[in-house]
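Heads up, the thing below is written out as structure tokens.
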Amino acid sequence: MAEKRPQTARWIAGAIAVTLVGFIALLAVSGGEALGRSNRLLGEPVPSVAGDTLDGGSYDIADAGDRWVLVNFFATWCAGCIAEHPELLRFEEWANETGQAEMVAVVFNDPAERVEQFFAENGGDWPVIDTPSVPVSFQVSQIPETFLVSPDGIVVQHIAGEVQADTLIQTIEASS
Amino acid sequence: MISSKARRLGWVAIVISVVGMSLVAYFDTGGLETQGERIQRLSESFACPQCDGESVSESNAAVAATIRAFIADEVNSGQSDTEIRDDLVQAYTVRVLLNPPASGLSSLLWVLPVVAAAAGAVGFTALFDNRRTNQEVTDADRKLVASARTDRDR
């Protein structure tokens, strides 16, 4: 009788320990992949990128035809976005010359007036849309983030950070 | 004097009331909820993907603001709570939910703490029960006491 108590207690403590370890392990692995900088859209068909542009027009990636599309998420408060702007201007120049690509900027939590003012002061004639469903469907969490979409409508590149025009151009020319 | 039949009816009425109120509390999603209140409620139910334990409603992160704007757009365009939830889970995985779903593997997150608490309760009950049953005085105890008294009286 005297030996029964420690044995029972050991079993109960063991059961609780196993349960708690299982709980902690489950918490650690639940939810699948982490919400890091990897993007699940790579290799997948591009989600809808459509909406009214800040200059009063409209944009729809479905109208890009057989051109590559660079989808750039942008805000004026984002230092990296401002730093990469000259690279985007270079890419735009190449895209206009060759006709192989087009660009679209998607505003990421920034007032439209500020974005318009930024483009007026710094250049850039590509369409800018402010549609919150687009950054959500692209799983954007920390800008600058840019996606390169092939003429087949597949997301082939995800750049988390500043883009380099030469790298983008090389990727497109190598694939064309 | 209240008859036993009346007492039984009283108990049945209490049980029906409690179950009824529980069901109303569980299924009532606020029929008089305004769109603003609905947006706020939904924002409070999603986790900011970039923050640690903060809801989309609380966080000042840009991604949280974007998700709030997304929820507002979806609510205003007539999307249901389920559709909005599915879109956000599709984009940011199930980790965007502050309350894990009560199905599949995630349901264990609800079940395991209950199992641990139940095991703990059983353990404590067994422990105290053992203590109570082990309080009988044995012959060895009596001998020890007698020996101690003898030593004291010397």
Query raised in the report: Would a scan of the range A:142-152 turn up a residue that is of a type in the set (Val, Ile, Thr), more than 10 Å from the chain's Cα centre (by Cα), part of a strand (DSSP E or B) and more than 23 Å from A:PRO111 (Cβ to Cβ)?
Result: yes
Query raised in the report: Cβ-Cβ below 7 Å, separation at least six or inter-chain, first residue in the range A:128-140 and more than 8 Å from chain B (Cβ to nearest Cβ), second open to solvent by less than 10 Å² (accessible area, probe 1.4 Å) and assigned to a helix (DSSP H, G or I): which pairs?
Result: A:VAL128/A:VAL115
Query raised in the report: Just one of the numbered conditions (1) open to solvent by 80 Å² or more (accessible area, probe 1.4 Å); (2) within 12 Å of chain A (Cβ to nearest Cβ); (3) in a helix (DSSP H, G or I) is not true of B:VAL63; which one?
Result: (1)
Query raised in the report: Among all residue pairs at least 6 apart or on different chains, which show Cβ distances below 8 Å where the first residue, located in the range A:155-176, is without any contact (Cβ under 8 Å) to a residue 60 or more places away in the chain and the second is open to solvent by less than 30 Å² (accessible area, probe 1.4 Å) and acidic (Asp, Glu)?
Result: A:ILE159/A:GLU145
Report summary line: Note on the range B:44-56: residues buried (at least 19 other Cβ atoms within 10 Å of the Cβ) and over 14 Å from B:ASN99 (Cβ atoms) are B:CYS48, B:PRO49
Query raised in the report: Looking at (1) under 17 Å from A:SER48 (Cβ atoms); (2) among the acidic types (Asp, Glu); (3) crowded, with 17+ Cβ neighbours inside 10 Å, which is the only condition A:GLU92 fails?
Result: (1)
Requested in this report: Determine whether the range A:68-78 contains at least one residue that is closer than 19 Å to A:GLY161 by Cα and assigned to a helix (DSSP H, G or I).
Outcome: no
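Would you call A:ALA79 free of Cβ contacts under 8 Å to residues at least 60 places away in the same chain, loosely packed, with under 14 Cβ neighbours inside 10 Å and away from chain B (no Cβ under 14 Å)?
no
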Query raised in the report: Is one or more of the residues making up the range A:22-39 open to solvent by 80 Å² or more (accessible area, probe 1.4 Å), over 13 Å from the mean Cα position of the chain (by Cα) and modelled with pLDDT of 65 or more?
Result: yes
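The values are calculated or read from the model by the stated rules, or taken from the named source; none is laboratory data. From a predicted model like this one, the values you see are computed outputs, not experimental measurements. Because the Cβ atoms are built from the backbone with ideal geometry, glycine has one as well, and the counts that use them run over all protein chains shown. Note: areas computed on protein heavy atoms with side chains; ligands, DNA, RNA excluded. Shrake-Rupley method; radii C 1.70, N 1.55, O 1.52, S 1.80 Å.
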